[in-house]
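Asks: Following this message is one structure expressed as structure tokens.
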């Protein structure tokens, strides 16, 4: 079941524009939006995702995630993947993070790119 769960989550999350997937280096699967990490999967056992502390606190209060044991005072949350019905919840957390990061990225003003570069020769 865990391989199917991982494939289901991976298939959905990598469909979103700007998302890339790679190895965490710790035998896990990491999802990024640009240079920002959306979160990662530890095999089929759990998903870890970074959020602002206020969002983390609300997710924990709502029972959608739990404290991330290695970093309990940070914004990181953990979602255990201990049943067949967890894919939706894990995907929803990734989507929440994706929407948050995409909105933040789109709000950053970009420098205007010139249509053409003109060079002026000295006379």
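Taken together, the values in this text are just the output of simple stated rules run on the coordinates, not laboratory data. Not measured: the values here are computed from a predicted model. Methodologically, a virtual Cβ is constructed for each residue, glycine included, from the backbone with ideal geometry; neighbour enumeration extends over all protein chains shown.
Asks: Which order results if 10, 37 are arranged by neighbouring Cβ count within 10 Å, fewest first?
Replies: 10, 37
Asks: Could I ask something else about it? Which value in nm describes the separation of the simple spin-label points at residue 80 and residue 35, placed 7 Å from the Cα toward the beta carbon?
Replies: Computed distance between label sites residue 80 and residue 35 equals 3.7 nm.
Asks: For 93, 49, which order do you get if you count the other beta carbons within 10 Å of each Cβ and list the fewest first?
Replies: Listed from fewest to most nearby Cβ atoms, that is 93, 49.
Asks: Which value, to two decimals, describes the C-alpha radius of gyration of the chain once divided by 2.2 N^0.38 Å?
Replies: That works out to 1.36 for the chain.
Asks: Hey, another quick one. Tell me, what is the FRET efficiency for residue 8 and residue 61 to the nearest 0.05, using R0 = 22 angstrom and their Cβ-Cβ distance as r?
Replies: Once the sixth-power term is evaluated, E becomes 0.25.
Asks: Next up: Taking Cα atoms, how many degrees apart are the long axis of helix 87-107 and the longest axis of the chain, rounded to 10 and kept between 0 and 90?
Replies: 20
Asks: Helix 2-13 against the longest principal axis of the chain: what's the angle in degrees, Cα atoms only, rounded to the nearest 10?
Replies: The angle comes out at about 30 degrees.
Asks: Nearest 500 deg cm²/dmol is fine: what mean residue ellipticity at 222 nm does the chain get from its DSSP H runs of n ≥ 4 alone, each adding -39,500 (n - 2.57), divided by its residue count?
Replies: Per the formula, -11000 deg cm²/dmol.
Asks: Follow-up. For 38, 59, what's the fewest-to-most ordering of other Cβ within 10 Å of each Cβ?
Replies: With the fewest neighbours first, 38, 59 line up as 59, 38.
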